[in-house]
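Quick notes on the structure that follows.
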Amino acid sequence: MNEKKLKKLQTDVKSAQGMIAMSVILNLIFAFRTLVSKKLDFYFSYYVTAFLIKGSELYPQFSGNFSKTAVIISVVAIAVVSFILAALVQKKTNLFSAFLAVYLADSAFMVYSLVANPLGDFSENSFIDVIFHAFVIIFTVVGIIADKKLKKQ
């Protein structure tokens with residue numbers, strides 16, 4: 001393999017790692033900001049995080065200290081697990097597939113929720129979130145393909 005192609009594959013892997021890190025950082029910002037300000041106006045996050053936060057507000061029968069505590073624990077757990085997975089992907093590229101599986105599950109849940117409309121809020125912001133999820137998935141798949149080609153060397 002020539003030097004130019006090798007450099008391109010390495011760049012693809014680094015781009016995927018960067019996109020994964022960015023998605024985790026944006027999710028952490030979203031979770032913290034939403035828990036503090038109670039506003040759901042930052043749409044570059046994992047959909048399950050937004051669903052947990054907004055869902056707890058929409059169903060008052062599940063409100064109260066237990067519900068709020070459960071939501072906060074869930075959001076923090078999602079943030080911590082995604083952060084650890086993203087950090088591991090930076091070191092071991094064979095974990096790209098694990099991140100992709102988690103992100104695909106989140107994306108499928110998002111698409112299902114937007115179609116089924118349980119939260120009743122499909123808007124242009126939802127469209128932006130769908131596009132962001134697509135970019136993360138595309139970058140991750142390109143990174144997986146590039147990583148496999150590099151390992152064959």
Inset, instruction - Look through V89, V48, V75, V142 and report the one residue that is within 20 Å of S23 (Cα to Cα), buried (at least 16 other Cβ atoms within 10 Å of the Cβ) and modelled with pLDDT of 85 or more. - result: V142
Legend entry - Options S56, S67, S123; residue that is at pLDDT below 70, loosely packed, with under 13 Cβ neighbours inside 10 Å and not aromatic (F, W, Y): S123
Legend entry - Residues that are among the aliphatic types (A, V, I, L, M) and at pLDDT 80 or above, drawn from region 108-120: A108, M110, V111
Inset, instruction - Go through (1) modelled with pLDDT of 70 or more; (2) assigned to a loop (DSSP other than H, G, I, E, B); (3) not basic (K, R) one by one and return the number of the condition F30 breaks. - result: (2)
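The values are calculated or read from the model by the stated rules, or taken from the named source; none is laboratory data. Note that the structure is predicted; figures quoted are calculated from it, not measured. All Cβ positions, glycine included, derive from the backbone under ideal geometry; neighbour counts span all protein chains shown.
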